[in-house]
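The values are calculated or read from the model by the stated rules, or taken from the named source; none is laboratory data. Not measured: the values here are computed from a predicted model. Note: ideal-geometry Cβ built from the backbone for every residue, glycine included; neighbour counts use all protein chains shown. What goes into the accessible areas is simple: the full protein's heavy atoms, side chains included, and nothing from ligands, DNA or RNA. Shrake-Rupley method; radii C 1.70, N 1.55, O 1.52, S 1.80 Å.
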Amino acid sequence: MNEDLIQEMDLTAQEAAFCDLYVHGGIEFAGQTLKCYREIYGGTESVRDSMTARNLLLRPHMMARIKEMMSSEQYEMEAAAVKLQVAETLKAVMTEAATQNYTDRFGAPLSPAPLRAVSVNAAKALMDLYPIKHAQESKLRIESNDGNIIFNVIVPQTTPAHAKEEDR
């Protein structure tokens, strides 16, 4: 069947529910054609249900929708895995750059400032990856006299306990 024709065919509410249950049904339903069919269509537990459920699943527009849903799930899982891997790498860089001291090839200690800047940048990238939002923030800017290092610190404001009770 033509791909455009499959896309044009709309799923009924029951067909869409069947596809959703078949893909997202968890241990109880996912991938289990007969159980999904009986849950959505109220099968009679007859031998005929198995064949009807299989024929429903084999309809081109149903197969296309399930394939689309599964590829979307796979993409989301891969994106989440990459995000976790990046976060772990950023945490390692942040920790190492914040605490290590290095020497040059002659044994002279190197200034820790560039390393600390790397740590701060890793922390910033981690915050971009997993933003933390606060209702109220106050900003503090710290600058050194020579102008080489600038830190912007955002301090979250906590609401006093008595103010929280008044809001209720």
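Tabulated data
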item	result
Failed item in (1) open to solvent by 90 Å² or more (accessible area, probe 1.4 Å); (2) at pLDDT 85 or above, with GLN7 passing the rest	(2)
Only listed residue being farther than 29 Å from GLY25 by Cβ and within 18 Å of the chain's Cα centre (by Cα), chosen from THR95, THR89	THR89
Selection status of SER119, within 30 Å of THR12 (Cα to Cα), among the hydroxyl-bearing types (Ser, Thr, Tyr) and modelled with pLDDT of 80 or more	no
